[in-house]
Amino acid sequence: MIDSDDMAVFYDTTEFAHVCTWSRPGEDDVPFAGILSSQDDDRFQGHASARVHVLRFPAAAVQMLPDDTVTTQARAADGTLQAAQAWRVLRTPELVVDGAEADVYLEPLPEV
């Protein structure tokens, strides 16, 4: 299993990881670092393609459930945080890398 000090290298928010905040009604918000990716995913042997958004994060950072909200903020080249993007969690995260990390599928929420 990966040591938590080793994990920090992969989730450096001054380099490439996003500053994230998990929210659920009635719970305190939880800040954490995550790596957001968006890509086209082929399904049904290439007969359908869809854009998917996946957030990878240290599994011990937060316990997400479907319909939770996550906001992500990337850092600009000058070190300032860019505008936050809100997301809805689509399903329970899947553990990866010997359970040290998790991937969760997200849906962008409309700007308010």
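Here are the numbers:
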| quantity | calculated |
| --- | --- |
| Highest-fluctuation residue, Q39, Q82, Q63 considered, GNM on the chain with Cα pairs under 10 Å | Q39 |
| 3J(HN,Hα) from dihedral phi, the range 25-37, Karplus parametrisation 6.51/-1.76/1.60, rounded to Hz, x for glycine, proline | x, x, 10, 6, 5, 10, x, 7, 9, x, 10, 9, 9 |
| Percent RCO, i.e. relative contact order, over the range 4-108, from Cα pairs under 8 Å lying at least 6 residues apart | 24 percent |
| Ellipsoid semi-axes in whole angstrom, largest first, where each is sqrt(5λ) of the Cα gyration tensor of the range 4-108 | 22, 17, 16 |
| About the Cα centre, charge dipole magnitude for the range 1-104 (Lys/Arg +1, Asp/Glu -1 at Cβ), debye | 460 debye |
| In Hz, Karplus ³J(HN,Hα) per residue of the range 57-68 (6.51, -1.76, 1.60; θ = phi - 60°; x = Gly, Pro) | 8, x, 4, 7, 6, 7, 10, 8, 10, x, 6, 5 |
| Nitroxide proxy distance, nm - points 7 Å out along Cα→Cβ at S23 and A48 | 3.1 nm |
| Extreme residue, positive dipole direction of the range 23-75, given options T72, P58, S37 (C-beta unit charges) | S37 |
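Computed from the coordinates by the stated procedures, all read-outs in this text should not be read as laboratory data. Quantities reported herein were computed from a predicted structural model and do not represent experimental measurements. All Cβ positions, even for glycine, are placed from backbone atoms using ideal geometry, and neighbour counts span all protein chains on display.
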